[in-house]
1. Taking into account only those residues within segment 225-239 that are within 17 Å of the chain's Cα centre (by Cα) and closer than 16 Å to Y210 by Cα, which is modelled with the lowest pLDDT?
2. For segment 95-122, how many residues meet the condition of being open to solvent by less than 40 Å² (accessible area, probe 1.4 Å) and either modelled with pLDDT under 75 or basic (K, R) (or both)?
3. How many residues does segment 192-211 contain that are among the β-branched types (V, I, T), open to solvent by 30 Å² or more (accessible area, probe 1.4 Å) and either farther than 21 Å from N20 by Cα or touching a Phe, Trp or Tyr at 6+ places or on another chain (Cβ under 7 Å) (or both)?
4. Only one of (1) open to solvent by 40 Å² or more (accessible area, probe 1.4 Å); (2) closer than 21 Å to Y25 by Cα; (3) out of contact with any Phe, Trp or Tyr (no Cβ under 9 Å at 6 or more places or on another chain) fails for K161. Which number is that?
5. Yes or no: E316 open to solvent by 90 Å² or more (accessible area, probe 1.4 Å) and either touching a Lys or Arg at 6+ places or on another chain (Cβ under 7 Å) or in a helix (DSSP H, G or I) (or both)?
6. Check whether at least one residue in segment 227-235 is surrounded by 14 or more Cβ atoms within 10 Å (Cβ to Cβ), touching an Asp or Glu at 6+ places or on another chain (Cβ under 8 Å) and not hydroxyl-bearing (S, T, Y), and report yes or no.
7. Can you report the number of residues in segment 313-340 which are closer than 17 Å to E356 by Cβ and of a type outside the set (F, W, Y)?
Amino acid sequence: MGILEKISEIEKEIARTQKNKATEYHLGLLKAKLAKYRAQLLEPSKSASSKGEGFDVMKSGDARVALIGFPSVGKSTFLSLMTSTASEAASYEFTTLTCIPGVIEYKGANIQLLDLPGIIEGAAQGRGRGRQVIAVARTADVVVMMLDATKGDVQRALLEKELESVGIRLNKHKPNIYFKPKKGGGISFNSTVTLTQCSEKLVQLILHEYKIFNAEVLFREDCSPDEFIDVIVGNRVYMPCLYVYNKIDQISMEEVDRLARKPNSVVISCGMKLNLDYLLEMLWEYLALTCIYTKKRGQRPDFTDAIILRKGASVEHVCHRIHRSLASQFKYALVWGTSTKYSPQRVGLTHTMEHEDVIQIVKK
C-alpha cells in the first residue's frame with residue numbers, strides 16, 4: 001500500500017469515528033500518523049534521477065505576496081491591473097503555467113506580487129503543479145486567496161484543506177507549547193492552564209508514535225492534539241491570508257454583503273475595477289509595514305526615499321538597514337512623529353518607530 005492509499009484510509013477512518021471521550025486517544029493517534037505520512041509525501045524522493053523544473057522567483061522588494069486560487073478566478077487580470085506586468089489572461093483554464101512576478105508600488109513600498117498557476121484539487125499530493133505552487137506560497141509574507149464569488153465557499157474550503165495538509169496555517173498563531181526532546185529521563189509533562197482537549201496520556205501516545213520517549217512538554221494554552229502535532233513536526237508556516245472574492249458583478253447585492261462581512265475577506269471585481277483601492281489598504285495592513293523617513297542635520301527630511309520596515313521595528317533596525325556598521329557608531333537619534341511624546345525626541349537604539357516617523361541619527 002502506497003503513502004497516498006494510507007493517507008486516504010486514515011482520513012476515511014477519522015471521518016467515520018465518532019468524537020467522544022472514549023475515542024479521543026484513537027483519533028489523536030490517527031492524526032499523528034496522518035501528519036507523519038503527509039510529511040513523507042512532501043519530502044522529495046531520493047530515487048528521482050532528474051531534477052524537476054521549479055519556478056521559484058528571487059525575492060525582491062519590501063514584502064512578498066502570493067496570489068493563489070483555482071484556474072480562471074481572475075488572478076492574471078488582477079496582476080495586470082495592480083502592476084505594470086502583463087500576465088496572459090483568457091477565458092479558458094490554466095492560462096498561467098508558471099510563476100509570474102509583478103511589483104505593486106504603494107505608500108513608498110515595493111510589494112512583490114506572485115501570480116501562481118491555478119491549483120487543482122489534490123495539489124498537495126502533487127497533482128497539476130500543486131507542489132511547486134505550494135512551495136512558493138510558503139515563502140510569502142501574506143497569501144491572497146483569489147476566489148470566484150459565484151462559488152467562493154466551495155473553493156475556499158478546498159483550498160484551505162490543500163494548504164492545511166502541507167503545513168500552511170492561515171490566520172492562526174503558533175501554539176504556545178514548549179517542547180524539547182532530551183537524551184533521557186522520560187517524558188516530563190506540565191501545563192499552566194486547564195487542558196480540555198489534550199491529556200498527559202494522549203501527549204505520550206502521540207510522542208511515542210513519533211518515536212520520542214524522552215522530552216519536556218509544557219502547555220501554556222489549551223491546545224488541541226492537531227496543534228501539539230504541529231509543534232512536534234516543527235515545519236509549519238503561520239501566515240496571514242486575505243480572502244478576495246472576485247466577479248461580484250455576477251452575484252446579488254445580498255450575496256456581496258454576506259461575503260464582505262466574513263472575517264479577513266474583501267469583495268472586488270477585476271472586470272469592472274471595483275473596490276481595488278480598499279484591497280490595497282487591507283493588504284498593507286496585513287503586511288504590517290511601516291515607512292521611516294531619514295533626515296540629515298540642517299536639512300529637510302527626504303520624503304522621496306522611505307526605509308520600509310516591519311511594524312514594531314526599533315531604531316537599531318533602521319541603523320542596520322542604512323549600514324551594518326552604523327549601530328556600533330550610534331550615539332543617539334532624534335525622532336519626529338507619532339512614536340514620540342514631543343518632536344524632536346532624543347532616543348536610544350531600543351525606541352520603537354511608527355509609520356511615517358522621521359529620524360536623524362547622530363554618530364559618536
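1. Our first condition is that a residue be within 17 Å of the chain's Cα centre (by Cα); within segment 225-239, this holds for 227, 230-231, 234-239.
In the following step, the residues that additionally are closer than 16 Å to Y210 by Cα were identified as 227, 230-231, 234-235.
On the way: E227: 86, D230: 85, V231: 87, G234: 81, N235: 78.
Per the stated criteria, the residue is N235.
2. 7
3. 2
4. Evaluating K161 over (1) open to solvent by 40 Å² or more (accessible area, probe 1.4 Å); (2) closer than 21 Å to Y25 by Cα; (3) out of contact with any Phe, Trp or Tyr (no Cβ under 9 Å at 6 or more places or on another chain) leaves (2) as the failure.
5. On the way: open to solvent by 90 Å² or more (accessible area, probe 1.4 Å): no; either touching a Lys or Arg at 6+ places or on another chain (Cβ under 7 Å) or in a helix (DSSP H, G or I) (or both): yes.
For E316, the condition - open to solvent by 90 Å² or more (accessible area, probe 1.4 Å) and either touching a Lys or Arg at 6+ places or on another chain (Cβ under 7 Å) or in a helix (DSSP H, G or I) (or both) - is not met.
6. Checked segment 227-235: no residue is surrounded by 14 or more Cβ atoms within 10 Å (Cβ to Cβ), touching an Asp or Glu at 6+ places or on another chain (Cβ under 8 Å) and not hydroxyl-bearing (S, T, Y).
7. Qualifying residue count, segment 313-340: 13.
Per-residue answers, yes or no, for (1) surrounded by 13 or more Cβ atoms within 10 Å (Cβ to Cβ); (2) free of Cβ contacts under 8 Å to residues at least 12 places away in the same chain; (3) assigned to a loop (DSSP other than H, G, I, E, B):
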residue: Y245; (1), (2), (3): yes, no, no
residue: V256; (1), (2), (3): yes, no, no
residue: M272; (1), (2), (3): no, no, yes
residue: W284; (1), (2), (3): yes, no, no
residue: C291; (1), (2), (3): yes, no, no
residue: Q299; (1), (2), (3): no, yes, yes
residue: G312; (1), (2), (3): no, no, yes
residue: H320; (1), (2), (3): yes, yes, no
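The values are calculated or read from the model by the stated rules, or taken from the named source; none is laboratory data. Computed from a predicted structure; not experimentally measured. Heads up, the Cβs are rebuilt from the backbone with ideal geometry, glycines too, and the neighbour counts pull from every protein chain shown. Side chains included, ligands, DNA and RNA excluded: accessible areas come from the protein's heavy atoms. Shrake-Rupley method; radii C 1.70, N 1.55, O 1.52, S 1.80 Å.
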